[in-house]
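The values are calculated or read from the model by the stated rules, or taken from the named source; none is laboratory data. These numbers come from a predicted model, not from an experiment. Each accessible area value is taken on the protein alone, full model and side chains, heavy atoms only, with ligands, DNA and RNA left out. Shrake-Rupley method; radii C 1.70, N 1.55, O 1.52, S 1.80 Å.
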Amino acid sequence: PTGGRSAPRDLFLAVHRMLELTPTDRRFAPLDDTDSDTGDTFGLAREEPFRVVVDFIPKAAMYISERIWSRDQRITRHKDGSITLTFTATSRPEVIAWILSFGGEATLREDEALIIEIEQQATCLLQLHHNVTRKLPLKRP
């Protein structure tokens, strides 16, 4: 029931907002997604694909190594236990949020535009938290 509109190709549901489920006898034919690139790359949003290279300290290496971030990912292991992950992504905001979620455990090496965005985000975070500890007014960009 899409009100006459065709359903989007990539449909993501907010399961945490569902209040009730009712089992029915209705059946559906799964989409043939053999030609789809959904799941091939990191990110739900579908922007132009780009390459990402990230270094992770040993503490995060196992977590990163145990997952598939994109089908073409490559993991390079270093003698000190750290790793470098190279993968393809399609959502710049999601990559930025993901990298920032690792704090000091991840260092973005490529893509240069993303590195600048992360620097700006980190500077903003530092300024906001610096102002809070000194009871100064918050100035958001």
Query raised in the report: Out of all the residues in the stretch 73-91, is one or more at pLDDT below 95 and either open to solvent by 90 Å² or more (accessible area, probe 1.4 Å) or in a helix (DSSP H, G or I) (or both)?
Result: no
Requested in this report: Looking at (1) open to solvent by less than 80 Å² (accessible area, probe 1.4 Å); (2) part of a helix (DSSP H, G or I); (3) modelled with pLDDT of 90 or more; (4) not charged (D, E, K, R), find the lone condition where residue 62 falls short.
Outcome: (1)
Report task. Please find, within the stretch 57-105, the residue that is farthest from residue 124 (Cα to Cα) out of those that are over 17 Å from the mean Cα position of the chain (by Cα) and of a type in the set (Lys, Arg). Result -> 79
Report summary line: Reported set for the stretch 103-121 where residues are open to solvent by 70 Å² or more (accessible area, probe 1.4 Å) and part of a helix (DSSP H, G or I) is 104, 112, 116, 119, 120, 121
Query - Residues of the stretch 92-102 satisfying the condition of being under 24 Å from residue 48 (Cα atoms) and either among the hydrophobic types (A, V, I, L, M, F, W, C) or part of a strand (DSSP E or B) (or both) - result: 95, 96, 97, 98, 99, 100
